[in-house]
1. Which entries of Lys78/Lys202; Lys55/Lys314; Lys48/Lys264; Lys85/Lys135 show an alpha-carbon separation above 27 angstrom in the structure shown?
2. Highest mean first, how do 255-265, 219-229 rank when packing is the count of other Cβ atoms within 10 Å averaged over residues?
3. Multiplying the sequence separation of Thr421 and His198 by 0.36 nm and subtracting their Cα-Cα distance, what value in nm do you get?
4. Where only protein heavy atoms count, and the probe is 1.4 Å, what is the accessible area per residue for the range 294-429 in Å²?
5. Viscosity 1.002 mPa s, temperature 20 °C: give me the Stokes-Einstein translational D for the range 226-375 in µm²/s, with Rh taken as the Kirkwood radius over C-alpha pairs.
6. Given Ile299, Thr421, Leu185, which one lies farthest toward the positive end of the charge dipole of the chain, if we put +1 on the Cβ of every Lys and Arg and -1 on the Cβ of every Asp and Glu?
7. Hey, how much of the P(r) for the range 242-282 falls beyond 12 Å, as a percent of Cα pairs?
8. Roughly how many debye, to the nearest 20, is the charge dipole of the chain about its Cα centre, given +1 on each Lys and Arg Cβ, -1 on each Asp and Glu Cβ, and no other charges?
Amino acid sequence: MTISMFFLALCFAVTLAIGVPVVWSLALSSMVACLSIPGISLSFLAQKMELGSEKYALLAIFFFLLAGSIMQHGGIAKRLIAFAKSITSFIRGGMSIVAIITCMFFAALSGSSVATTAAIGTIFYPELVKDGYKKGYAATLPVVGGTLGIVIPPSIVFVVYGTTTNTSVARLLMSGVLPGLLGGLAMCLYAYFYALRHKMPKGAPFRFNAFLDATKDAMWALMMPIIVLGGIYAGIFTPTESAAIACIYGLFVSCGVYRELKLKRLIQIAIESVKSTANVMLIIMAATLFSYVLTRNNIPVMLSNAITSAITTKTEFLLALNILLLILGMVMDAGPIILIIAPIVYPIALKFGIDPVHLGCIIVFNLSVGQATPPFGLCLFAAQPVTGQSIATLSRNAMPFVIILYLMVLATSFIPEIALTIPRLMMAR
């Protein structure tokens, strides 16, 4: 081990142990390691970090965050929720299905599973308890429902992976559609059979007129994902351009059609989006420096050789990767994990003939499940204060959903067509 790697490992471990945020742990440990190398100055470190942020695709992060906030505060999101309720209210356990679908919508919009769990948990938990759901189960639905937000596009995490590995962001976004929808469908089916077994109440009877009213009211809102995903799929615009178009369309609908978004609130939303983008960019810049230190010391090559000598088949590699990512996903945010792990496993995956888009989908899907996995899943801790349920209760109720989702992860890992069908259709156009 070189001196720079010794300082990198020591500083990173110490800063994490004393509670320093991951972004500053990455930056400080990388700086200490680089300064131990003769000839490297602070100005060089600053230039290296800046290079990590100078990627066109990263513009999509701000626009996706802004579009999500506009939808949430401009009346678009609540109409999508009302539309979902009009379809599922008559089903036994329909409220639980609506809670899962709502969390998936919000997580996809906000890009944060943890924030979705806290926000939607505050809204739905009292309503679910009032409708007769057990408190532990009701508190768990926002935990598991929000996990797929970083899989279903628009997904900031896919943008981060794409820029880190130079993989097509458009194809990555499309790769998450089927896995995300299948995972959501599997959770909704479990919620339905759980409701049958425990005799959960039905909602209001299905009324066609109410459905038509909800559809009519949500028509403008329903067009937004169609425009974003349809435009990317058809090759009309890039993911970055689609994010900007989503903002423009969201502003038109929120201000011109629904007239619920005022100028004062729009300014606050823009400021919040800038702050959130700055946090993401800081992580990317710090991780760029961290990756530079690793690459300079040939760590990715050494790990690649060690892993490929110990793991001889594609199946062994996929199983090992899934286990590693699930564990990491329980204790860290998806962004830093991707920035650290992706450059290491990417060349190894290529050696085993794994498509880079498929690899990206596996990584992101895995990390999404890890956020709800007991006992350290970050979404569990986000739900605890807003629902008042213990981590043990949340963990116990989350396990069936986690098992279902992890089975979907394994299916996506070993059946590449689940992730690659839509991206391949894009290429065939």
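1. From Lys78/Lys202; Lys55/Lys314; Lys48/Lys264; Lys85/Lys135, over 27 Å: Lys55/Lys314; Lys48/Lys264.
2. Listed from highest to lowest mean packing, they are 219-229, 255-265.
3. Working: separation 223, 0.36 × 223 = 80.28 nm, distance 3.76 nm.
Using 0.36 nm per residue and subtracting the Cα-Cα distance, I get 76.5 nm.
4. Details: 5570 Å² over 136 residues.
Spelled out: the 1.4 Å probe surface of the range 294-429, per residue, equals 41 Å².
5. Details: Rh = 18.5 Å.
This corresponds to a translational diffusion coefficient of 116 µm²/s.
6. The residue sitting farthest along the positive end of the dipole is Leu185.
7. Numbers: 538 of 820 pairs.
The calculated P(r) of the range 242-282 puts 66 percent of pairs beyond 12 Å.
8. On the way: 26 positive and 13 negative charges, 200 e Å.
Taking the Cα centre of the chain as origin, the dipole is about 960 debye.
The values are calculated or read from the model by the stated rules, or taken from the named source; none is laboratory data. Here the structure is a predicted model, which means the values were calculated and not measured. Glycine also receives a Cβ, built like all others from the backbone with ideal geometry; neighbour counts cover every protein chain displayed. Note: accessible area is taken over every heavy atom of the protein model, side chains too, but ligands, DNA and RNA are not part of it. Shrake-Rupley method; radii C 1.70, N 1.55, O 1.52, S 1.80 Å.
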